[in-house]
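**Student:** Here you go, one structure.
Every number in this text was worked out from the coordinates using simple rules, so none of it is lab data. A quick note: this is a predicted structure, and the numbers were derived from the prediction, not measured. We place every Cβ from the backbone using ideal geometry, glycine too, and count neighbours over all the protein chains shown.
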Amino acid sequence: MPCVKRCCCCVTLRLGGITMGIMTLALSAFSIIPMAISFVHRVFLAQVVTHLLNEIAEPEKKDGNSGQPNDVAFWGVVKLISTPDGVSQLPPEDDEKVQDLANVMYYFFIICIVLLGIYLICSVLVIIGAAKAKRWLMLPWIVGTFLFLLAYLGGVFISIYLIGTSRFEILLLLGFAIVEAAIGFYLWVCIVSLFQVLGSDEFRNGGGANDWELKPRFTTSYNAVPQHD
């Protein structure tokens, strides 16, 4: 028995599967580009992140005056990157913290690019599986999407723990994450339902499930206008 019978309450599971495959295919393709750019500029990113962490960890100014609050240091990191005379306030590239973070980013971005490439292939497979009624082609996408949802929620909680600056910002970030994860989980359930339908005995025997999911609901053939005596 499938979890849901319609995707988004208005389209068939087959069309929903094809649409989801196209969406995740585009998402994977367009996510690889910024990941590749970030990989090339990982040292600069490490400098910025190190500067940000230093501003949050050491809020007091060097001249001994009262320091900025943590939230000001966090949101004002872009303004603090350089002084009015153009001198950079970022730590040098040979700083130990910057080097360690750059090395971590090196492996992180490579792993992300590889995973996005695999997910791109899974998206192509789910499109073919939904269009051709090949249920096992959809299984890699189902597993991969579920793991991505778990990783997304885990990353949100880790980010809140590391850089959360106020209760309002934490609740706002957590609220957005829950809504996005709920939408993603619902769409994942739609693909799981299509996977169940394609594996049902009724579908394999060519029964009602076949007419319900993989054929138009209404016939498009034209019959002549009935004539009465």
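**Student:** Whose amide H sits under 5 Å from the amide H of Val11, counting only residues 5 or more places off or on another chain, with H placed in the peptide plane?
**Tutor:** So Val11 has HN proximity to no qualifying residue.
**Student:** Further, regarding this structure: Please work out the Kirkwood hydrodynamic radius for region 93-176, using every pair of different C-alpha atoms, and report it in angstroms with one decimal place.
**Tutor:** For region 93-176, the Kirkwood estimate is 15.7 Å.
**Student:** Shape verdict for region 1-49, please, from the Cα gyration tensor: rounded (a/c under 1.5), prolate (a/b greater than b/c) or oblate.
**Tutor:** prolate
**Student:** Okay, next question. So if each residue of separation counts as 0.36 nm, and I subtract the Cα-Cα distance between Val11 and Ile178, what length gain in nm does that give?
**Tutor:** Going from the current span to full extension adds 57.7 nm.
**Student:** Return the loop-located trypsin sites (Lys or Arg not before Pro) in region 93-158 (DSSP other than H, G, I, E, B) with at most 16 other Cβ atoms within 10 Å of their own Cβ; answer none if there are none.
**Tutor:** Lys134
**Student:** For region 93-199, state which GluC sites (Glu not before Pro) are in a DSSP loop and have at most 16 other beta carbons lying within 10 Å of their beta carbon.
**Tutor:** Glu93
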